[in-house]
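Visitor: Once you've had a glance at the structure underneath, I'll fire off some questions.
Any read-out appearing in this document is the output of simple, stated calculations on the displayed coordinates, not a laboratory observation. What you see is a predicted model; the values in this text were computed from it and never measured. Because the Cβ atoms are built from the backbone with ideal geometry, glycine has one as well, and the counts that use them run over all protein chains shown.
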Amino acid sequence: MLILKLLLRNIFRQRLRTFLTILATTVAILAFGFLRTIIDAWYSGVEASSPARLITRNAISMTTPLPVFYRDKIKKVRGVKNVSYGQWFGGIYISEKNFFPNFAVEPETFLQLYPEYVIEPEERLAFLKDRKGCVVGKKVAEEFGWKTGDTIVLKGTIFPGEWEFTIRAIYRGAGPKVDETQVFFHWDYINEGLKKVYPTRADHVGFFVVGINDPRRAAEISLEIDSLFKNSLAETLTETEKAFQLGFVAMTEAILITIKIVSIVLIIIILLIVANTMAMNVRDRLSEYATMKALGFNWFYITGLVLGESLMISLIGSLSGIVLTFPAAKIFVDAMGTLLPVFHITAETLLFDLLISLCVGLLAGLFPALKAIGVPVQRALQRIG
Amino acid sequence: MRLFLIYNLRNLLTRKLTTVLTTTGMAFVVFVFSSVQMMAEGLKKTLVDTGSFNNVIVLRKGSQAEIQSAIERQKALIIETFPEIGLSPQGVLLSAKELVVLINLYKKDGDKPSNVVIRGIDRASLLLRDRVRLITGRMPLPGSSEIVVGSAIQKRFKGLSAGERLRFGLRDWTVVGILDGGDTGFNSEIWADIDTLMQTFRRPFYSCIVFRLRNPQDFTSVKERIEGDPRLGLMAKREVEFYREQSEVMARFLRILGTSLAIVFSIGAIIGAMITMYAQVANRIQDIGTLRALGFQKRDILIGFLIESIILSLLGGTAGLFFASLLQFLEVSTLNWQTFSELAFRFNLTAEISLKAIAFSLFMGILGGILPALRASRINIIEALRMG
């Protein structure tokens, strides 16, 4: 118990220094938690993917379409429960700054395949009945103040023209990791419009979503689907939804790696700051350690004092950082709006925060502790005079 | 003053561990600050350099990237009759109708596909791109299944060396040459004959038309004529302008990321400097008392300690900048969100970024040093001397 008291006393001897160090640790832990959550957001599509869904797309690339009649052939493959299809629409709402993902899909099967988009039954029916209807995510609806019944206009980038939609339903995610910033509408509506302007581009889709009965047979079914269209004009590539989403992540890997490196640098900086504080504390107190050694306290006790102090500083810092993470995240999410589909602080991140501060505390105290142990008693005492 | 400088420097040398820890912290901050800015700048430079000022690119109205655009053959023919289009010394019309599609290729070090631009080229395509040179082999023959590959793509992706074959769109394509596009986006592209490519992808449209102006001032009138013609539904941009826009989203994202990180990191570094400087002041109360007794003014003490903190931060800043400058030898590639395709670029250190980084470290030094220096200057002489 005495040692704890001594630790606390020691910490508050240099009040300003301790306070500043704790402040720095708090800020750093806060930032580290944010960076990790941003990385998580990158993987949110992967996390949200279901093992019971496959994505079939053109083997050439995602931007090359497939004929819509492939659906009937895919449906006949054994083990396939349900097939939906869709197309990245890429429409702009008023200005390019208002970004949100928007897709033209086959509505009925799509909603069956994605039960995580939760919609009220009557709204669902209204959406399915109205060919010009659309369903929007809760977050994007809040961002632009949309209500059901409103009309929105999207300017097409891939499909020329101005397209009018009526909001028939608002979906919310079944869990915190579901993206609530998307907009879905009827593929038929777009296709009819396309038939008038670019008849050759009509009746094509960007991807098929294939629901399967048994996730264990995913690889087998994928191969079977692809073999159906081998040596045809539009060969397909089928993979699990997870692999498909991972492909997206891999494309922007360079940025992801940058963020990861930066978060490691952040840890090094906290380490340096805490180590610096501890080095100075120990230097100030060398004569005390010499006195303790002269009184017969062993190296174990002195190490405990130094390490305990640095651990306590870094832990207090990280705890206050963790507490502050939540209000800060709320402000951040509100400011970013739909640019950030998912920002969910996981327990894992918080655990990581604690683990890091533990390591920082131990490492930062290491060299100062060695110095305190190694102090030659006689010389240190001489210095007092 | 000189005496003071030497005094400060020697102090920093005496407390080596603390000095090293503080400067290292600052160095890391400046490193992160400059490297993210360098990334944004490199991306922008690559895309801006891709365009040339005298070239005009024509796209379908409303499209933001070449892959979204579509121009029918008849419309392309109308554009190509414009008298403002220049001729090469050999008399070739400097106008190219091009098709841009994306194909999936696998990187040498990965198993996930990336989107690579494949551009169907016309006779004048190479003539219009001053920075693109053929380094080995030859250009694809018209009507053949032959491709030339940009050197950045050839280095990174599997199976693209000269003589190798690549299969897509039910055809085998032979690599007949390697292009060097310098630091431009063309270095990340594959070029093939336009008519073969249109046939392969069953695309009866061009993606864009690029032409060189005979007279650079004609741009406004050409633009007005194209955009005012209701038959066309097309828009015209200077090529430089078009490519600058292609870099905007990514560069802005990187810049925002860099700035917010720098702010957070600098808080840490400023606090680090503050801790160090406070400790320096506390350890040297006697020194300060003596200096004051010798006749140095409060102001001298203040400036002296401030200089010490500035030296610390400048040391850190220079070190950080030095390590960041080494990144220039690195080439990275990522998906550009706006074009949805792979783009290789280099970190680019500009004079502006270096200045900003140094100014930033100065700022951290001053902010970290000012409070401790103020405290030092306010110390009472008699008490300070009595403490010995």
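Visitor: With viscosity set to 1.002 mPa s and temperature to 20 °C, compute the Stokes-Einstein D of segment A:1-137, Rh being the Kirkwood radius across alpha carbon pairs; µm²/s, no decimals.
Guide: 104
Visitor: With just the Cα atoms defining each centre, how far is segment A:205-237 from segment A:246-282? Give it in Å.
Guide: Cα centroid to Cα centroid, the span is 41 Å.
Visitor: Just the number, please: Stokes-Einstein D of chain A in µm²/s, Kirkwood Rh from C-alpha pairs, 25 °C, 0.890 mPa s.
Guide: Rounded, D is 98 µm²/s.
Visitor: Of the listed pairs A:K75/A:K177; B:K97/B:K223; B:K16/B:K356; A:K97/B:K45, which have alpha-carbon separations greater than 20 Å here?
Guide: Result: A:K75/A:K177; B:K16/B:K356; A:K97/B:K45 exceed 20 Å.
Visitor: If we count every other residue with Cβ under 12 angstrom of A:I39's Cβ, Lys/Arg +1 and Asp/Glu -1, where does the sum land?
Guide: -2
Visitor: Roughly speaking, what is the stretch gain from A:V265 to A:L355, that is 0.36 nm per residue apart minus the C-alpha to C-alpha distance, in nm to one decimal?
Guide: 30.8 nm
Visitor: Other chains near B:224-235: what is the mean number of their Cβ atoms within 10 Å of each residue's Cβ?
Guide: The per-residue average across the peptide is 0.
Visitor: Please state the relative contact order of segment B:55-212 as a whole percent: Cα pairs under 8 Å, 6+ residues apart?
Guide: 34
Visitor: Go through segment A:156-167 residue by residue and turn each phi into a ³J(HN,Hα) via Karplus (6.51, -1.76, 1.60, θ = phi - 60°); whole Hz please, and just put x for glycine and proline.
Guide: Residue by residue, segment A:156-167 yields x, 9, 8, 10, x, x, 9, 10, 9, 10, 10, 6 Hz.
Visitor: Which one of A:I74, A:Y85, A:A41 is farthest out on the positive end of the charge dipole of segment A:24-105, using unit charges on Cβ (Lys, Arg +1; Asp, Glu -1) and the Cα centre as origin?
Guide: So the residue we want is A:I74.
Visitor: Output the relative contact order of segment A:60-234, whole-number percent, from Cα pairs under 8 angstrom with separation of 6+ residues.
Guide: 34
Visitor: Moving on. Mind checking which helices in chain B clear 30 Å along their axis (Cα) and have mean Kyte-Doolittle hydropathy of 0.0 or more, DSSP H runs only?
Guide: Qualifying helices: B:16-50, B:239-283, B:298-326, B:351-377.
Visitor: From the Cα gyration tensor of segment A:60-234, with a ≥ b ≥ c the square roots of its eigenvalues, which class applies: rounded if a/c is under 1.5, or else prolate if a/b is larger than b/c, or else oblate?
Guide: Oblate is the answer for segment A:60-234, as a/c is 1.5 or above yet b/c matches or exceeds a/b.
Visitor: Taking the beta-carbon count within 10 Å as an exposure proxy, list A:S357, B:S313, A:S95 from fewest neighbours to most.
Guide: Listed from fewest to most nearby Cβ atoms, that is A:S95, A:S357, B:S313.
Visitor: Per the Kirkwood formula on distinct C-alpha pairs, the Rh of the protein assembly as shown is how many angstrom?
Guide: Answer for the protein assembly as shown: a Kirkwood hydrodynamic radius of 30.1 Å.
Visitor: For segment B:89-95, take each phi angle, set θ = phi - 60°, evaluate the Karplus expression 6.51 cos²θ - 1.76 cosθ + 1.60, and give the result in whole Hz per residue in order, putting x for glycine and proline.
Guide: x, 7, x, 7, 5, 7, 9
Visitor: Against the globular-protein guess of 2.2 N^0.38 Å, express the Cα radius of gyration of segment A:228-385 as a ratio, rounded to two decimals.
Guide: Compactness ratio reported: 1.68.
Visitor: Excluding A:L8 itself, calculate the net charge of residues whose Cβ lies under 14 Å from the Cβ of A:L8, where each Lys or Arg counts +1 and each Asp or Glu counts -1.
Guide: That sum, taken over residues with Cβ under 14 Å, equals +3.
Visitor: Oh, and also: What order do you get for A:D353, B:D49 when you list them from fewest to most C-beta neighbours inside 10 Å?
Guide: Going from sparsest to densest Cβ surroundings: B:D49, A:D353.
Visitor: Please report the relative contact order for chain B, taking Cα pairs under 8 Å with a sequence separation of at least 6, and give it as a percent rounded to a whole number.
Guide: About 28 percent, as a whole number.
Visitor: Measure nothing but the geometry: give the 0 to 90° angle between the long axis through the Cα atoms of A:299-336 and the longest principal axis through the Cα atoms of chain A, rounded to 10°.
Guide: For A:299-336 against chain A, the angle is about 30 degrees.
Visitor: Give the distance, in whole Å, between the Cα centre of segment B:151-185 and the Cα centre of segment B:200-225.
Guide: 27
Visitor: Sorted from largest down, give the three principal axis spans of the alpha carbons of segment B:55-212, whole angstrom values.
Guide: Principal extents (Cα only, largest first): 48, 32, 28 Å.
Visitor: Could you please state, rounded to a whole Å, how far the C-alpha centre of segment A:355-385 is from the C-alpha centre of segment A:291-347?
Guide: 21
Visitor: When N is the residue count of chain B, what does its C-alpha Rg come to as a fraction of 2.2 N^0.38 Å?
Guide: 1.40
Visitor: How big is the charge dipole of chain A about its Cα centre, in debye rounded to the nearest 20, if each Lys and Arg gets +1 on its Cβ and each Asp and Glu gets -1 on its Cβ?
Guide: 1460
Visitor: Rank by packing, highest mean first: peptides B:88-100, A:370-382, with packing defined as the count of other Cβ atoms within 10 Å averaged across residues.
Guide: Descending packing order for the listed peptides: B:88-100, A:370-382.
Visitor: Averaged over peptide A:31-38, how many Cβ atoms belonging to another chain are found within 10 Å of each residue's Cβ?
Guide: Going residue by residue through A:31-38 and averaging, the value is 2.
Visitor: Take A:C359, A:C134 and order them by how many other Cβ atoms sit within 10 Å, fewest up front.
Guide: Neighbour counts put them in this order, fewest first: A:C359, A:C134.
Visitor: Now for a different question. How crowded by other chains is B:56-65, given as the mean number of beta carbons from other chains within 10 Å of each beta carbon?
Guide: 3
Visitor: Mind checking which aspartates and glutamates have their Cα closer than 18 Å to the Cα of A:K129? Skip sequence neighbours fewer than 8 apart in that chain.
Guide: Excluding near neighbours in sequence, the set is A:E106, A:E108, A:E120, A:D150, A:E164, A:D188, A:E192.
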